[in-house]
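What follows is a set of notes on a single structure, which appears directly below.
The values are calculated or read from the model by the stated rules, or taken from the named source; none is laboratory data. The structure displayed is predicted, hence computed values, not measured ones. In this analysis, Cβ positions are derived from the backbone assuming ideal geometry, glycine residues included, and neighbour counts consider all displayed protein chains.
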């Protein structure tokens, strides 16, 4: 009989945080390479102007989303604040988890949906919100629901909204720089001074096309690592991985129709992919279960 190597949830959290940091570093390297290639293909002062514009646009856009992330997410799914009288178990479980984790009590919301799902949002633990679907409350038993809620509190404890915002800022800057550079080529004269930079110009065009795709794939990989970290944090809070495993297995078997009112922009916030397709923002449920079974 082959002995299964156990995984310590502390090691799992630490490992995935380091992998997320490395992936952010990869995005930064792509940003530097893109900047170098474009500055060599054009006037360096021209690239400086592009960079300033991209930074201003992306940071303004992301800051507005960041400081209103909870309102945007809740409004987009038409969530309603949960009544303590009507959803006593929901409140009791979250209060117990906050006592165990030392986190402040988040605001609790309900989303009308037959799917088993949940999400957390908010720029910091003091502004956090948790929303669960009515399907989750109806179909999960107490331990399974506790595992899902602990997972969402894991996102709050790990400052995942802040971390993903940083990734989004960098990805946004690269996308805007690439777009401005490619569009500016339509207005660029082909005088003799540029013939020496033709190789860099071609490389710049290719990289400006590929860079946004590359960093978006890296961003999705970061999202998957944060999901694994939140699963491990759930185990740290509950000391009972079987609850989360049971919830994931029920999601696999759940035949509720795919959620239509969820915007793709907030899909990464959810406990499970709400669109029921091969969503690269989340690891495969089978892989999450395998990791949890070894804890």
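Give me the residue from segment 27-55 that is exposed (fewer than 15 other Cβ atoms within 10 Å of the Cβ) and closer than 18 Å to residue 220 by Cβ and, out of that set, modelled with the lowest pLDDT. For segment 27-55, the residue satisfying everything is 28. Just one of the listed residues (110, 130, 116) is in contact with a strand residue (DSSP E or B) (Cβ under 9 Å, 6 or more places away or on another chain), surrounded by fewer than 21 Cβ atoms within 10 Å (Cβ to Cβ) and outside any helix (DSSP H, G or I), namely 110.
Scan 221, 230, 168 and give me the residue that is part of a helix (DSSP H, G or I), modelled with pLDDT of 80 or more and surrounded by fewer than 20 Cβ atoms within 10 Å (Cβ to Cβ). Break it down stepwise before answering.
Details: 230 fails: surrounded by fewer than 20 Cβ atoms within 10 Å (Cβ to Cβ); 168 fails: modelled with pLDDT of 80 or more.
Criteria check complete, one pass: 221.
Here is a yes/no grid of residues against (1) touching a strand residue (DSSP E or B) at 6+ places or on another chain (Cβ under 7 Å); (2) surrounded by 13 or more Cβ atoms within 10 Å (Cβ to Cβ); (3) within 26 Å of residue 162 (Cα to Cα); (4) at pLDDT below 90:
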residue: 237; (1), (2), (3), (4): no, yes, yes, no
residue: 247; (1), (2), (3), (4): no, yes, no, no
residue: 250; (1), (2), (3), (4): no, yes, no, no
residue: 268; (1), (2), (3), (4): no, yes, yes, yes
residue: 274; (1), (2), (3), (4): no, yes, yes, yes
residue: 280; (1), (2), (3), (4): no, yes, yes, yes
residue: 285; (1), (2), (3), (4): no, yes, yes, yes
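For segment 119-128, filtering for residues that are touching a residue at least 24 places away in the same chain (Cβ under 8 Å) and over 14 Å from the mean Cα position of the chain (by Cα) leaves 4.
Suppose the filter is assigned to a helix (DSSP H, G or I) and surrounded by fewer than 21 Cβ atoms within 10 Å (Cβ to Cβ); does residue 145 pass it? So residue 145 fails the test. Restricting attention to segment 84-103 and to residues that are free of Cβ contacts under 8 Å to residues at least 12 places away in the same chain, over 25 Å from the mean Cα position of the chain (by Cα) and outside any helix (DSSP H, G or I), the residue that is surrounded by the fewest Cβ atoms within 10 Å (Cβ to Cβ) turns out to be 85.
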